[in-house]
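Presented below is the structure to which this report refers.
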Amino acid sequence: MILVTGATGFVGGHLVKRMQQEGLKVRAVVRTPAKAQALKDLGVEVVPGDIADPASLEAAAKGCDTIIHLVGIIQEGRGFTFRSVHVEGTRNVLDAAKKAGVRHFIYQSALGTRENAKSEYHKTKWEAEKLVRASGIPFTILRPSLIYGPGDLFTIRLAEMIKLSPVLPVIGSGRSKIQPIYIEDAVSCLVKIAAGGQHLGKTYEVGGPEELTYEEVTKAIAKALGVDRRVVHMPLSFMRGIALVAETVLSKAPVTMDQLIMLQEDNVCDMKDIREVFGIEPVEFREGLVKFLGKTS
């Protein structure tokens, strides 16, 4: 039995569907009962639980030999922080895994996670990785670049902004590079890790086949939507001011200081892991966009 945390999220929803299709036994921890029915309709065993509730996690982990821990946030909010979700939440899941005798703990981290990272997102992901490595449980860590596809909030929000804006807004220089990976390719990596025992003790970095600048990403999304507009660069100093005010007065800021830090960093990796370890030739970004955005333009 494989326990999945974050099964109602973007990656989790695609993952459990694929796992069911491949005949893997899946149990999903679900915090919000209203989201449980869609998983039940797929044949997934659903149990109530919350990464902030150790007792619920212990009950969920009983009888499981593998846990895929996907829960993560890209933005803090009222009642939850990067530390409470990434660090304390992962600690709770690991504790439950130990008590259940789990033999394989798979943690989805993020490309760019490293010691002495500048962003709180990457700092807390690094702390979570350290907990996983020190747990004594056989583990695998996957660090994907930006994952995109149906249900991906980053692409959806950017697409909505592009549709409404008279220009194509790009934050800062737009020259930082990223390797967007299509959701089905990211899911394939996770399924291969869960299905075999040859990935224990490993940390893998995966991304799409192209190193694209953020400006190129924005233009590609616009093209998939059939939008042709002039690019306008938004100065970082201006965006920092907006982020600072928005984080102070809004419950959910459209952009945060932490996100601005990450937007100015390259987020790329070698293609060796995804091609040689997982045997996947990842989808090109523009091809992936057409799979969902192109159909709605």
Of everything in the range 167-183, what is more than 18 Å from ILE141 (Cα to Cα) and touching a His at 6+ places or on another chain (Cβ under 9 Å)? Give them in sequence order.
PRO169, VAL170, ILE171, GLY172, SER173, GLY174
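Results for (1) in a loop (DSSP other than H, G, I, E, B); (2) open to solvent by 10 Å² or more (accessible area, probe 1.4 Å), shown as yes or no for each residue.
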residue: CYS64; (1), (2): yes, no
residue: ILE74; (1), (2): yes, yes
residue: VAL87; (1), (2): no, no
residue: THR90; (1), (2): no, no
residue: ASP95; (1), (2): no, yes
residue: PHE105; (1), (2): no, no
Residue identified as in a helix (DSSP H, G or I), closer than 29 Å to THR81 by Cα and more than 19 Å from the chain's Cα centre (by Cα) among GLU160, GLU215
GLU160
Any chance ILE68 is β-branched (Val, Ile, Thr), touching a Ser or Thr at 6+ places or on another chain (Cβ under 6 Å), in a strand (DSSP E or B) and closer than 18 Å to GLU184 by Cβ
no
Helices (runs of 4 or more DSSP H) wholly in the range 1-61 with at least 3 residues that are within 15 Å of VAL93 (Cβ to Cβ) and modelled with pLDDT of 90 or more - which ones?
54-61
Across the range 187-208, what is the total count of residues that are surrounded by 18 or more Cβ atoms within 10 Å (Cβ to Cβ), in a loop (DSSP other than H, G, I, E, B) and touching a Pro at 6+ places or on another chain (Cβ under 8 Å)?
2
Where in the range 231-297 are the helices (runs of 4 or more DSSP H), entirely inside, with at least 2 residues that are at pLDDT below 90 and either among the hydroxyl-bearing types (Ser, Thr, Tyr) or in contact with a helix residue (DSSP H, G or I) (Cβ under 6 Å, 6 or more places away or on another chain) (or both)?
236-249, 257-263
Taking into account only those residues within the range 108-135 that are over 20 Å from GLN179 (Cα atoms) and outside any helix (DSSP H, G or I), which is modelled with the highest pLDDT?
SER135
Check whether at least one residue in the range 166-176 is surrounded by fewer than 22 Cβ atoms within 10 Å (Cβ to Cβ) and free of Cβ contacts under 8 Å to residues at least 40 places away in the same chain, and report yes or no.
no
Based on this model, can you work out whether TYR214 counts as closer than 27 Å to ILE106 by Cβ and either surrounded by 18 or more Cβ atoms within 10 Å (Cβ to Cβ) or without any contact (Cβ under 8 Å) to a residue 40 or more places away in the chain (or both)?
no
Odd one out for LYS123, checked against (1) more than 14 Å from the chain's Cα centre (by Cα); (2) among the charged types (D, E, K, R); (3) crowded, with 21+ Cβ neighbours inside 10 Å:
(3)
When you scan the range 84-113, how many residues do you find that are at positive phi and without any contact (Cβ under 8 Å) to a residue 40 or more places away in the chain?
1
Taking the residues in the range 255-295 that are without any contact (Cβ under 8 Å) to a residue 40 or more places away in the chain and farther than 15 Å from PRO209 by Cβ as candidates, determine which candidate is least open to solvent (accessible area, probe 1.4 Å).
MET257
Pick from the range 217-254 the residues that are among the basic types (Lys, Arg) and over 28 Å from ILE183 (Cβ atoms): which of them is surrounded by the most Cβ atoms within 10 Å (Cβ to Cβ)?
ARG240
Would the range 136-147 turn up any residue that is more than 24 Å from MET19 (Cα to Cα) and in a loop (DSSP other than H, G, I, E, B)?
yes
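The values are calculated or read from the model by the stated rules, or taken from the named source; none is laboratory data. What you are looking at is a predicted structure, and each value in this text was computed from that prediction instead of being measured. All Cβ positions, even for glycine, are placed from backbone atoms using ideal geometry, and neighbour counts span all protein chains on display. Note: accessible area is taken over every heavy atom of the protein model, side chains too, but ligands, DNA and RNA are not part of it. Shrake-Rupley method; radii C 1.70, N 1.55, O 1.52, S 1.80 Å.
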